[in-house]
Amino acid sequence: MPDTSLNMATLMASWLAAVLYGMNVVLYICCVRVLYRRGLVGINRILLVLATLQFLISTGHNVTCVVQLIRGFITNGGTSSGPFIYFLDMASTEHVLQESFYIANSVIGDGILIWRMFIVWNRNWWLCGPFLALLTATTICGYIAVSHLARFAPLDPVFLAALGQWILSTWSLSLVTQVGATLLIAYRIWVNTAWNMKTGSSHANVFWMVVESGAVYSFTTVILLALYVSKLNSGAIVGGALGQLSCLIPTSIIVRIGFTTSSGSTAGTYPSLRAVRPAHPSSQGTGTTKYGEDNAFVTVTRRTETESGQDISLTDMAYEGDAQKHRGLGDLEKGISISIPRGA
């Protein structure tokens, strides 16, 4: 299979990471705005802390990429072989830091995904336990790989077996976590809201949001695994992207939900909320879908009328906020009633 040079792979990886970091900057600003508007109480405070931590790690990842470009092409660019020899040194401080930042962001992203699954499945510790074990194993394998990397000789290739077994273990464990947790979350949402899973509904939006976000990161990880097993330098390009994607995906979900809610449509449903199986709407009754019991959310009830004139009540969950702000968005004019439990 044709491959690219190590110099070109590093340059492309840094360029792609920079583009994704720019997106992370915009998303983080939007995320802070969304969470402040909802009020920094309960889960919103935790989300802000995690988003800030991931953004700082992404910043560190991007800085190390830039430093490597400067040292490779400028500091060591006096000879034709200078950049190649520098980029081949996997034990350089900036490269070890870059991989450490990547592992940290990946572990935090997996942890957020497990937390969503935990809440959606009614805080089921039996179901969550194996995923916590996978997360712990991923963390251990990842930083063992980094420690091996830091002890490399200057011209040792990254495909050495001593390092490769830990790298492959890290990516494989993370992939199992991502695919398993995403499928469980999507299944739970689908089963609990299938009767209202029509195109454009809030439940369908949540379902596809969970599936799409998990699919993007998992597919990228699979590509990275395949390139590394094939011993191709182009894997470095995908690795540079993953260092930023692990922050971009969780933050984009928060922002997307926030913008959906503030746009005046039916309140967005955060995919980390607990789903309780709704009663199927009968010809004489109402159907209610309820997510979560955390006091950090408000209940938004949307009443719709079927073609036969029967009234159906659909209940979604939104974040705690000021009812007057929601009134200003036109929700009440659209027939949406809002009740706010006292904050946690």
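The values are calculated or read from the model by the stated rules, or taken from the named source; none is laboratory data. Quick caveat, the model's predicted, so the values are computed rather than measured. Every residue, glycine among them, receives a Cβ derived from its backbone with ideal geometry; neighbour counts consider all protein chains shown.
Taking residues in the range 1-26 that are over 13 Å from HIS61 (Cβ atoms), and partners anywhere that are aromatic (Phe, Trp, Tyr), the pairs with Cβ atoms closer than 7 Å and at least 6 places apart or on different chains are LEU6/PHE84; LEU6/PHE87; ASN7/PHE84; ASN7/PHE87; THR10/PHE87. The residues on offer are LEU135, LEU173, LEU168, and the sole one that is under 22 Å from VAL216 (Cβ atoms), of a type in the set (A, V, I, L, M, F, W, C) and surrounded by fewer than 16 Cβ atoms within 10 Å (Cβ to Cβ) is LEU168.
Within the range 42-87, the set of residues being more than 31 Å from the chain's Cα centre (by Cα) and of a type outside the set (Val, Ile, Thr) comprises ARG71, GLY72, PHE73, ASN76, GLY77, GLY78, SER80, SER81, GLY82, PRO83, PHE84, TYR86. For TYR217, state whether it is over 30 Å from VAL66 (Cβ atoms), modelled with pLDDT under 90 and in a helix (DSSP H, G or I). No: the conditions fail for TYR217. Within the range 133-190, if we keep just the residues that are outside any helix (DSSP H, G or I) and among the charged types (D, E, K, R), the residue that is nearest to TRP121 (Cα to Cα) turns out to be ARG151.
Here GLY111 fulfils each of the conditions (1) of a type outside the set (Phe, Trp, Tyr); (2) surrounded by fewer than 19 Cβ atoms within 10 Å (Cβ to Cβ); (3) in contact (Cβ under 8 Å) with a residue 40 or more places away in the chain apart from (3). None of PHE118, PHE101, PHE87 is at pLDDT 95 or above, in the same structural domain as LEU232 (by TED's automatic domain parsing) and in a helix (DSSP H, G or I) except PHE101.
Results for (1) hydroxyl-bearing (Ser, Thr, Tyr); (2) crowded, with 20+ Cβ neighbours inside 10 Å, shown as yes or no for each residue.
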{"site": "TYR28", "(1), (2)": "yes, yes"}
{"site": "ILE43", "(1), (2)": "no, yes"}
{"site": "THR59", "(1), (2)": "yes, no"}
{"site": "THR64", "(1), (2)": "yes, yes"}
{"site": "ASN76", "(1), (2)": "no, no"}
{"site": "ALA91", "(1), (2)": "no, no"}
{"site": "ILE103", "(1), (2)": "no, yes"}
{"site": "ARG116", "(1), (2)": "no, yes"}
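Residue-level analysis places SER58 outside the set of residues that are in the same structural domain as SER246 (by TED's automatic domain parsing), polar (S, T, N, Q) and assigned to a loop (DSSP other than H, G, I, E, B).
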